[in-house]
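**Student:** Dumping the structure here so I can ask a few things about it.
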Amino acid sequence: MCGIVGYIGTQQAVPLLLEGLGRLEHRGYDSAGVAVLGPGKEGRLRVAKRSGRVRDLAEQLPKRFAGKVGVGHTRWATHGPANDVNAHPHTDAGGAVAVVHNGIIDNAAALRAELAGAGVELVSDTDTEVLAHLIGRSDAETLEAKVAEALARIEGTYGLAVLHSAHPDRIVVARNGSPLIIGIGDHEMFVASDLAALVRYTTRVAHLDDGELATVTTAGFTTYRQDLSQVARIATDLEVDASAYDAGEHESFMRKEMLEQPEAAERVLRGRLDERFGTSHLGGLDMEARELRAIRRVKVLGCGSAYYVGQMGAGLVEELARIPADAEAASEFRYRNPIIEPDTLYVAVSQSGETIDTLLAVQEIRRKGGRVVGLVNVVGSAIARECDGGIYLHAGPEVAVASTKALTTMYLAFALLALQLGRVRDLSIADGRRLVAGLQRLPEQLGEVLALEPVLAELAAGLAEAESLFFVGRVRGYPVAREGAQKFKEISYRHAEAYQTSELKHGPLALIDASVPTVAIVPDDELTDRNVGALHEIAARGGPLVVLTHDAVDLGDLPAQGQVHRVDLPRNERELDPIVITIALQLLAYHAALALGHDIDKPRNLAKSVTVE
Ligand code: AGP
């Protein structure tokens with residue numbers, strides 16, 4: 001959840017570290033810090049850190065903060081509040097070691113007690129500080145051995161980078177459950193927890209695997225297992241456009257990423273649709289028709305919005321392929337000792353590919369012999385590497401904490417998967433072709449929803465005034481409502497609760513009055529009449545309504561202006577309408593947050609990828 005960046009080379013480290021940290025701020029933004037090793041054989045270690053944003057750190061940095069080796073960090077607090085002392089880097093008692101760390105040390109309390117018993121004065125509340133002391137107190141000769149020795153005492157997850165004033169020619173990094181990438185430059189090297197921090201300098205990278213360490217010097221890198229036996233890691237050249245990591249003329253990444261959805265949709269569909277046979281081609285799945293036909297159940301796992309879109313996807317699979325399918329929060333899954341079935345296809349969904357709960361669920365399934373495919377955006381990420389096959393989303397880099405374009409591509413990847421599963425079973429060629437045509441129309445229709453922004457912005461400003469809101473939908477519309485509520489609460493900080501429309505009168509209707517608006521999803525489908533009936537029940541109790549619907553839907557004689565607003569959205573095939581409606585919900589959330597003056601890309605308490613349990 002935190003961001004790590006490191007540099008060793010021929011340039012001054014601090015400007016590069018600050019630039020990298022600025023690009024990692026979406027990963028954690030309650031405090032920031034840097035450490036550099038000054039020139040000389042036994043370089044002097046200097047640390048500057050403070051709570052607040054990277055720009056606050058930059059403003060207070062002493063002018064002379066020279067050094068060509070350094071590490072930096074943006075924090076998302078886990079142990080102890082966001083303050084200057086708890087900010088990383090953390091140092092040992094002698095001030096020789098600096099550590100930046102992403103992850104959680106589960107046995108930190110025991111190690112803190114042990115260190116305190118040995119007379120070490122711990123200055124922060126963090127788990128990370130114990131690592132700095134363990135490394136500093138190690139008698140091992142090399143920095144690699146000191147780090148490995150310290151890591152052997154640690155239970156938990158980490159991505160970390162270590163500086164030592166007695167070893168000024170190197171940064172030692174390690175990974176276990178939190179991402180760590182090495183970037184290879186020309187007589188200079190970078191380390192980072194996210195490609196975003198180094199993509200402006202190099203696109204030649206090497207990924208560490210869990211349980212590995214690496215020594216990074218100006219000349220290159222060497223990777224080891226934790227017993228310090230060497231392991232070969234080959235660097236690869238990534239095809240990435242550095243400008244994709246800039247907001248450009250947009251006032252926020254979220255807005256930019258919402259507007260990119262038609263293109264992202266085209267990319268995930270490109271080359272994967274088969275008009276003739278009304279199906280899809282998904283080479284990355286690496287499964288033959290015979291294996292697809294043998295699947296008896298589909299289980300989708302993801303967290304947050306990825307879970308909600310997973311629920312939409314499970315619905316698609318059941319509807320098109322008639323295979324029992326459901327979605328579950330990956331964060332809960334492995335704690336109930338799930339039954340792993342050989343004829344179930346497990347689908348892990350993740351933008352970042354680093355969400356620890358999803359990754360651990362994948363590992364648990366594979367440990368028990370299950371087959372997992374990944375719907376993942378970040379190429380080469382941990383989940384993508386852990387799965388047996390998958391569908392890359394090609395959404396492009398997503399920086400805003402609120403996921404938009406990645407979600408849309410997840411939905412479309414599910415549609416492609418469901419289509420293929422359906423066409424090797426009972427789905428007719430006519431229905432397959434109908435859906436292929438629907439998918440082909442989608443990118444343009446997403447653009448049409450985005451063009452409704454002014455109308456949705458006005459409605460959002462009204463919704464933003466309410467302290468509490470409902471988002472309701474039925475069957476296909478219910479996960480859409482869940483995602484709408486999630487997006488709304490995430491960035492507007494309003495209490496937004498999703499319900500099945502059918503469940504309202506079993507309890508929540510008690511809360512409806514003029515101060516509690518409901519955003520209702522009422523597509524033109526087999527449930528329209530039922531949905532419209534519920535709208536009348538809400539309106540009869542004075543509840544304001546925003547109805548996301550289609551022009552063919554007759555809402556009856558609901559009270560006019562002021563209390564009921566309808567927005568007619570473009571109509572696709574009924575199975576594919578959920579994603580069209582989701583775009584309208586993104587715009588409502590975005591404009592509510594804007595009206596409330598919030599920092600759209602960095603909502604309070606959240607971070608882009610959740611790499612701690
Ligand atoms: C989405 O708006 C959220 N920020 C969050 O729920 C996110 O979808 C979730 O943390 C999963 O992330 P992932 O897709 O990177 O695994």
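**Student:** Considering only residues that are of a type in the set (Gly, Ala, Ser) and surrounded by 15 or more Cβ atoms within 10 Å (Cβ to Cβ), look in the stretch 519-550 and name the one that is modelled with the highest pLDDT.
**Tutor:** As a first pass, look at the stretch 519-550 and keep what is of a type in the set (Gly, Ala, Ser): 520, 533-534, 539-540, 542-543.
Subset that is surrounded by 15 or more Cβ atoms within 10 Å (Cβ to Cβ): 520, 534, 539, 543.
Numbers: Ala520: 98, Ala534: 93, Ala539: 92, Gly543: 94.
Across the stretch 519-550, the extreme among qualifying residues is Ala520.
**Student:** Something else now. Determine, yes or no, whether Asp286 is away from the ligand (no atom under 16 Å from the Cβ), within 24 Å of Ser352 (Cβ to Cβ) and surrounded by fewer than 20 Cβ atoms within 10 Å (Cβ to Cβ). Even if it seems obvious, please write down each step before you answer.
**Tutor:** Details: away from the ligand (no atom under 16 Å from the Cβ): yes; within 24 Å of Ser352 (Cβ to Cβ): yes; surrounded by fewer than 20 Cβ atoms within 10 Å (Cβ to Cβ): yes.
Yes.
**Student:** Filter the stretch 401-424 down to the residues that are within 12 Å of the ligand (Cβ to nearest atom) and assigned to a loop (DSSP other than H, G, I, E, B) and list them by number.
**Tutor:** Answer for the stretch 401-424, where residues must be within 12 Å of the ligand (Cβ to nearest atom) and assigned to a loop (DSSP other than H, G, I, E, B): Val401, Ala402, Ser403, Thr404.
**Student:** Sticking with this one: When you look at Arg441, is it away from the ligand (no atom under 16 Å from the Cβ), surrounded by fewer than 24 Cβ atoms within 10 Å (Cβ to Cβ) and within 25 Å of Val612 (Cβ to Cβ), yes or no? Give the steps one after another, and end with the answer.
**Tutor:** Values: away from the ligand (no atom under 16 Å from the Cβ): yes; surrounded by fewer than 24 Cβ atoms within 10 Å (Cβ to Cβ): yes; within 25 Å of Val612 (Cβ to Cβ): no.
In short, no.
**Student:** Hey, among Val123, Val97, which residue is among the β-branched types (Val, Ile, Thr), farther than 21 Å from Val54 by Cα and surrounded by fewer than 17 Cβ atoms within 10 Å (Cβ to Cβ)?
**Tutor:** On the way: Val97 fails: surrounded by fewer than 17 Cβ atoms within 10 Å (Cβ to Cβ).
Matching residue, one of Val123, Val97: Val123.
**Student:** I'd like the full set of residues that are surrounded by fewer than 17 Cβ atoms within 10 Å (Cβ to Cβ) and either in contact (Cβ under 8 Å) with a residue 40 or more places away in the chain or assigned to a helix (DSSP H, G or I) (or both), limited to the stretch 599-609. Break it down into steps so the answer makes sense when it comes.
**Tutor:** To start, the set of residues in the stretch 599-609 that are surrounded by fewer than 17 Cβ atoms within 10 Å (Cβ to Cβ) comprises 599, 604-605.
Within the stretch 599-609, Arg604 is the sole residue that qualifies.
**Student:** Taking the stretch 131-180 as the region of interest, how many residues are among the basic types (Lys, Arg) and under 22 Å from Ser609 (Cα atoms)? Give the derivation first.
**Tutor:** Here is the first cut: in the stretch 131-180, the ones among the basic types (Lys, Arg) are 137, 146, 153, 170, 175.
With under 22 Å from Ser609 (Cα atoms) added as a condition, the list becomes 175.
So the count comes out to 1.
**Student:** Could I ask something else about it? Hey, can you tell me all the residues within the stretch 150-201 that are assigned to a strand (DSSP E or B), buried (at least 24 other Cβ atoms within 10 Å of the Cβ), under 25 Å from the mean Cα position of the chain (by Cα) and touching a residue at least 60 places away in the same chain (Cβ under 8 Å)?
**Tutor:** Answer for the stretch 150-201, where residues must be assigned to a strand (DSSP E or B), buried (at least 24 other Cβ atoms within 10 Å of the Cβ), under 25 Å from the mean Cα position of the chain (by Cα) and touching a residue at least 60 places away in the same chain (Cβ under 8 Å): Gly159, Leu160, Ala161, Val173, Phe190, Val191, Ala192.
**Student:** Please name all residue pairs, on different chains or six or more residues apart, with Cβ atoms under 9 Å, provided the first residue is in the stretch 297-324 and is without any contact (Cβ under 8 Å) to a residue 24 or more places away in the chain and the second residue is near the ligand (Cβ under 10 Å from one of its atoms) and assigned to a helix (DSSP H, G or I).
**Tutor:** Close Cβ pairs (under 9 Å, with a partner that is near the ligand (Cβ under 10 Å from one of its atoms) and assigned to a helix (DSSP H, G or I)) do not exist here.
**Student:** Does Leu427 satisfy the criteria of being part of a helix (DSSP H, G or I), away from the ligand (no atom under 13 Å from the Cβ) and either at negative phi or crowded, with 18+ Cβ neighbours inside 10 Å (or both)?
**Tutor:** no
**Student:** Under 9 Å between Cβ atoms, at least 6 apart or on separate chains: pull out the pairs that start in the stretch 266-282 with a residue that is at positive phi and end on any residue that is in a loop (DSSP other than H, G, I, E, B).
**Tutor:** Filtered contacts from the stretch 266-282: Gly271/His281; Gly278/Leu427; Gly278/Ser428.
**Student:** Still on this model: Gly103 - would you say it is at positive phi and surrounded by fewer than 17 Cβ atoms within 10 Å (Cβ to Cβ)?
**Tutor:** Numbers: at positive phi: yes; surrounded by fewer than 17 Cβ atoms within 10 Å (Cβ to Cβ): no.
Spelling it out, it is not the case that Gly103 is at positive phi and surrounded by fewer than 17 Cβ atoms within 10 Å (Cβ to Cβ).
**Student:** Same structure, new question: Looking at this structure, is Val309 buried (at least 24 other Cβ atoms within 10 Å of the Cβ), modelled with pLDDT of 95 or more, within 16 Å of Leu393 (Cα to Cα) and β-branched (Val, Ile, Thr)?
**Tutor:** Details: buried (at least 24 other Cβ atoms within 10 Å of the Cβ): yes; modelled with pLDDT of 95 or more: yes; within 16 Å of Leu393 (Cα to Cα): yes; β-branched (Val, Ile, Thr): yes.
Considered against the rule, which asks whether it is buried (at least 24 other Cβ atoms within 10 Å of the Cβ), modelled with pLDDT of 95 or more, within 16 Å of Leu393 (Cα to Cα) and β-branched (Val, Ile, Thr), Val309 comes out as yes.
**Student:** Something else about it: Would you mind finding the one in Glu453, Glu467 that is under 23 Å from Ile491 (Cβ atoms) and in contact (Cβ under 8 Å) with a residue 60 or more places away in the chain? Break it down into steps so the answer makes sense when it comes.
**Tutor:** Working: Glu467 fails: in contact (Cβ under 8 Å) with a residue 60 or more places away in the chain.
Step by step, each of Glu453, Glu467 is checked, and only Glu453 is under 23 Å from Ile491 (Cβ atoms) and in contact (Cβ under 8 Å) with a residue 60 or more places away in the chain.
**Student:** If you check every pair at least six apart or on different chains, which have Cβ atoms under 9 Å apart with a residue in the stretch 370-383 that is under 26 Å from Ile295 (Cα atoms) and among the acidic types (Asp, Glu) first and a residue that is surrounded by fewer than 24 Cβ atoms within 10 Å (Cβ to Cβ) and modelled with pLDDT under 90 second?
**Tutor:** As it stands, the answer is none, since no pair meets every condition given.
**Student:** Quick test for you: out of Arg270, Arg297, Arg225, pick the one residue that is loosely packed, with under 13 Cβ neighbours inside 10 Å and either away from the ligand (no atom under 16 Å from the Cβ) or not charged (D, E, K, R) (or both).
**Tutor:** On the way: Arg297 fails: loosely packed, with under 13 Cβ neighbours inside 10 Å; Arg225 fails: loosely packed, with under 13 Cβ neighbours inside 10 Å.
Within the list Arg270, Arg297, Arg225, the selection yields Arg270.
**Student:** Now a separate question. Out of Val516, Val475, Val455, Val449, which single residue is more than 16 Å from the ligand (Cβ to nearest atom), surrounded by fewer than 22 Cβ atoms within 10 Å (Cβ to Cβ) and part of a helix (DSSP H, G or I)? Don't jump to the end; show me each part of the working.
**Tutor:** Values: Val516 fails: part of a helix (DSSP H, G or I); Val475 fails: part of a helix (DSSP H, G or I); Val449 fails: surrounded by fewer than 22 Cβ atoms within 10 Å (Cβ to Cβ).
The match here is Val455.
**Student:** If you take the residues of the stretch 304-318 that are within 14 Å of Ser403 (Cβ to Cβ) and out of contact with any Gly (no Cβ under 9 Å at 6 or more places or on another chain), which of them is farthest from the ligand (Cβ to nearest atom)?
**Tutor:** Filtering the stretch 304-318 down to residues within 14 Å of Ser403 (Cβ to Cβ) leaves 304-310, 312.
Keeping just the survivors that are out of contact with any Gly (no Cβ under 9 Å at 6 or more places or on another chain) gives 304-307, 312.
On the way: Gly304: 2, Ser305: 3, Ala306: 4, Tyr307: 8, Met312: 13 Å.
Here the answer is Met312.
**Student:** Next question. Please report, ordered by residue number, the strands (runs of 3 or more DSSP E) entirely within the stretch 344-400 with at least 2 residues that are among the small types (Gly, Ala, Ser), within 11 Å of the ligand (Cβ to nearest atom) and closer than 21 Å to Leu421 by Cβ. Show your work before the answer.
**Tutor:** Working: elements: 344-350, 371-376, 389-392.
Those strands (runs of 3 or more DSSP E) span 344-350.
**Student:** To continue, here is another question. Ser502: hydroxyl-bearing (Ser, Thr, Tyr), more than 29 Å from the chain's Cα centre (by Cα) and outside any loop (DSSP other than H, G, I, E, B), yes or no?
**Tutor:** Spelling it out, Ser502 is indeed hydroxyl-bearing (Ser, Thr, Tyr), more than 29 Å from the chain's Cα centre (by Cα) and outside any loop (DSSP other than H, G, I, E, B).
**Student:** Follow-up question, since we're still on this one. Against the definition (closer than 22 Å to Gly484 by Cβ, more than 8 Å from the ligand (Cβ to nearest atom), surrounded by fewer than 22 Cβ atoms within 10 Å (Cβ to Cβ) and under 24 Å from the mean Cα position of the chain (by Cα)), how does Glu328 come out, yes or no? Break it down stepwise before answering.
**Tutor:** Values: closer than 22 Å to Gly484 by Cβ: yes; more than 8 Å from the ligand (Cβ to nearest atom): yes; surrounded by fewer than 22 Cβ atoms within 10 Å (Cβ to Cβ): yes; under 24 Å from the mean Cα position of the chain (by Cα): yes.
Against the criterion (closer than 22 Å to Gly484 by Cβ, more than 8 Å from the ligand (Cβ to nearest atom), surrounded by fewer than 22 Cβ atoms within 10 Å (Cβ to Cβ) and under 24 Å from the mean Cα position of the chain (by Cα)), Glu328 qualifies.
**Student:** Could I ask something else about it? Within the stretch 329-354, take every residue that is touching a Gly at 6+ places or on another chain (Cβ under 8 Å) and not aliphatic (A, V, I, L, M) and give me the one that is farthest from Leu606 (Cα to Cα).
**Tutor:** Step by step, filter the stretch 329-354, then rank; the result is Pro342.
**Student:** Quick one: which of Ala214, Ala242, Ala206 is among the aliphatic types (A, V, I, L, M) and touching a Leu at 6+ places or on another chain (Cβ under 7 Å)? Spell out the reasoning first.
**Tutor:** Working: Ala242 fails: touching a Leu at 6+ places or on another chain (Cβ under 7 Å); Ala206 fails: touching a Leu at 6+ places or on another chain (Cβ under 7 Å).
The unique qualifying residue is Ala214.
**Student:** Mind telling me which of the residues Val472, Val455 ends up being more than 17 Å from Leu594 (Cβ to Cβ) and either touching a strand residue (DSSP E or B) at 6+ places or on another chain (Cβ under 9 Å) or modelled with pLDDT under 95 (or both)?
**Tutor:** Details: Val455 fails: more than 17 Å from Leu594 (Cβ to Cβ).
Step by step, each of Val472, Val455 is checked, and only Val472 is more than 17 Å from Leu594 (Cβ to Cβ) and either touching a strand residue (DSSP E or B) at 6+ places or on another chain (Cβ under 9 Å) or modelled with pLDDT under 95 (or both).
**Student:** Within the stretch 551-569, how many residues turn out to be more than 21 Å from Ala461 (Cα to Cα) and buried (at least 21 other Cβ atoms within 10 Å of the Cβ)? Outline the logic, then answer.
**Tutor:** Step one: of the stretch 551-569, the residues more than 21 Å from Ala461 (Cα to Cα) are 551-558.
This time we only want the ones that are buried (at least 21 other Cβ atoms within 10 Å of the Cβ), so: none.
Residues flagged as more than 21 Å from Ala461 (Cα to Cα) and buried (at least 21 other Cβ atoms within 10 Å of the Cβ) within the stretch 551-569 amount to 0.
The values are calculated or read from the model by the stated rules, or taken from the named source; none is laboratory data. Nothing here was measured: the structure is a model prediction, and the numbers come from that model. No Cβ is skipped: glycine too gets one built from the backbone with ideal geometry, and neighbour counts run over all protein chains shown.
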